[in-house]
1. Any residue at all in the range 191-202 that is open to solvent by 60 Å² or more (accessible area, probe 1.4 Å) and under 25 Å from Pro250 (Cβ atoms)?
2. Go through (1) surrounded by 15 or more Cβ atoms within 10 Å (Cβ to Cβ); (2) out of contact with any helix residue (DSSP H, G or I) (no Cβ under 7 Å at 6 or more places or on another chain); (3) not hydroxyl-bearing (Ser, Thr, Tyr) and name the single condition Glu55 misses.
3. Taking the range 282-295 only, how many residues are under 32 Å from the mean Cα position of the chain (by Cα) and assigned to a helix (DSSP H, G or I)?
4. Would you call Leu285 surrounded by fewer than 22 Cβ atoms within 10 Å (Cβ to Cβ) and more than 19 Å from Gln173 (Cα to Cα)?
5. Yes or no: the range 65-76 includes at least one residue that is open to solvent by less than 50 Å² (accessible area, probe 1.4 Å), of a type outside the set (Gly, Ala, Ser), in a loop (DSSP other than H, G, I, E, B) and under 22 Å from Asp15 (Cβ atoms).
6. Scan (1) surrounded by 15 or more Cβ atoms within 10 Å (Cβ to Cβ); (2) among the hydroxyl-bearing types (Ser, Thr, Tyr); (3) at pLDDT 90 or above; (4) not in a helix (DSSP H, G or I) for the single condition Ser475 breaks and write down its number.
7. Considering only the range 91-123, how many residues are without any contact (Cβ under 8 Å) to a residue 24 or more places away in the chain and in a helix (DSSP H, G or I)?
8. Give all pairs with beta carbons closer than 6 Å in which a residue from the range 205-228 that is free of Cβ contacts under 8 Å to residues at least 40 places away in the same chain meets a residue that is in a strand (DSSP E or B) and charged (D, E, K, R); count only pairs at least 6 apart in sequence or on separate chains.
Amino acid sequence: MDLCAADFGVLNTFDGELFHTAATRGLPSAYYEYRRNRSLEYGPGTAPARLLRGEPIVEITDLRESDAYLRGEPNRRALVDLGGARSVVAVPLLKNDQLVGNFMIFRQEPARFSEKQISLLKQFAAQAVIAIENTRLLRELRASTEDLRESLQQQTATADVLKVISRSAFDLQTVLDTLVESAARLCEADMAAITRQKVDEYFRAGSYGFTPEFMDYVKDIPVKPERATITGRTLLEGKVIHVPDVLADPDYAFSEAQKLSGNPRTFLGVPLLREGNPVGALVLLRRTMRPFTDKQVELVTTFADQAVIAIENVRLFDEVQARTKELAASLDDLRTAQDRLVQTEKLASLGQLTAGIAHEIKNPLNFVNNFSALSAELTELNDVPKSATLTDNIRAEVEELTKTLKDNLEKVVQHGKRADSIVKNMLQHSREGSGEHRPTDINAIVEESLNLAYHGARAEKAGFSISLHRDLDASVGMADVYPQEITRVMLNLISNGFYATTKRKVEAGDGFEPILSVTTRNLGDKVEICIRDNGAGIPEEIKEKIFHPFFTTKPSGEGTGLGLSMSHDIIVKQHGGSIDVETEPGLFTEFKVVLPRTNRS
């Protein structure tokens, strides 16, 4: 302006429709206020309008005499009357032959501008175009840089979320907490919450930024798909719900929660969709009224998709785990049934074999026992030689031989009876069939077995005495078992206890009191039977062998070694239970039997 001897000037930009003030210098205050409060609409005949029609330069020597002023064009009138302008020269700002603005300088007296001044104004206009273009490019560069920065930040956050998902693939809570916090932080939200479907209802599964009072208030309140809440509206409509000011929303009615959460104003709800159906929602809130941008909505939508993937992965994993457990249980049941079937076949085969062997042995054994008894009676003939005439030496020899023969026959009879007892025991173990399993009173079986064993021991051995302690749990009730087989086990264990206490009494003398205790307990889906005696106990090196077939600690002729082996097979293989032994040499032995309440064979 100084170089062109102008009083004031303006530089306008043009957006294709309207002119906008870009810079001014020296404008009279009245004209400045006029321009500031109105849009720049230039009528026909004005310098900007003529430049817009393509004139390369516009110079008006006396604005007061111009057609636009005389016609009453508002801008021209304001320029002259308020700004005191009398002459003007205007040049266009051109970029690629397209008008992007104008440069105008004014004098407050009617006078022409020189060629030099106009040429200088054109140069300034060209420099202004370059400056405007540089500014535009810089602005675009900054915007692009900001977009790239924001995109990079979002991609980094998304990558972090994906890392969390991969590291915590089946820790759903960690994944949801990370998603909620990342969404709130990247989208400049004060609070965020994620809601997911559980059976037929929706509950909050993760949150960020909410007050403890709000979380305590909503923790047990299911979210209903309805318009009264933003989360409910998102679930109801299955689409993005963006409410710039919730207080101006006529449908919003979650007033109590609104106060407890600090009165947020702007809400953004994004549905979690699986096959087009909402299975949850991700909601962001701002305390100030500031709408979310399209990029932020897009980012939250991405996080919602990740949440759906995480929820679906956990659901599928849980289904696979449940199915695997079902298959494992079915396989265990099949193996158990197979073991029981094999055991039944073994018991049947062993019973048949044992019965056959026992019968084969019993016949010659009967002959041995019978002829031994008859031979013992024949030794009574030693009275016949007394009537005969014999020398003393011969008579002594005859008596000695007769006595020796009698003693030998008594030993044959004794061992024959032992052998007969063994055969009877083998026949008892070989009884075919176990009957049918049925619900049976466990306490009744234990009580009956205890009485049978006790009276049998008293009948077998005169003077047998032992203290019996019973602690039978009344709640044990019924169990589905083979009662005949369980009775056989109880008789065997109780008889072993009687034998162990009797043996210790013989060793310890009259100061020792034999005791046998029987206890039952209700274990829910199982029952427990404990048989404890205060006998001599079992040495550690023998303890691991006691359930082996034909292993016995009893002297020859007093045990077959089949009792505990058969008991183990009946409890473990036939009934699917367990039998264990605890012992302390010189103090006690306790057998613990655990039976399932239901027989699954």
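1. Within the range 191-202, not a single residue is open to solvent by 60 Å² or more (accessible area, probe 1.4 Å) and under 25 Å from Pro250 (Cβ atoms).
2. (1)
3. The total comes to 0.
4. no
5. Looking through the range 65-76, at least one residue is open to solvent by less than 50 Å² (accessible area, probe 1.4 Å), of a type outside the set (Gly, Ala, Ser), in a loop (DSSP other than H, G, I, E, B) and under 22 Å from Asp15 (Cβ atoms).
6. Going through the list (1) surrounded by 15 or more Cβ atoms within 10 Å (Cβ to Cβ); (2) among the hydroxyl-bearing types (Ser, Thr, Tyr); (3) at pLDDT 90 or above; (4) not in a helix (DSSP H, G or I), Ser475 breaks only (1).
7. The qualifying residues number 4.
8. Final answer for the pair search is Pro222/Glu201.
The values are calculated or read from the model by the stated rules, or taken from the named source; none is laboratory data. What you see is a predicted model; the values in this text were computed from it and never measured. Quick reminder, even Gly has a Cβ in these numbers, built from the backbone with ideal geometry, and neighbours come from all protein chains shown. SASA here: full protein model, heavy atoms, side chains in, ligands and nucleic acids out. Shrake-Rupley method; radii C 1.70, N 1.55, O 1.52, S 1.80 Å.
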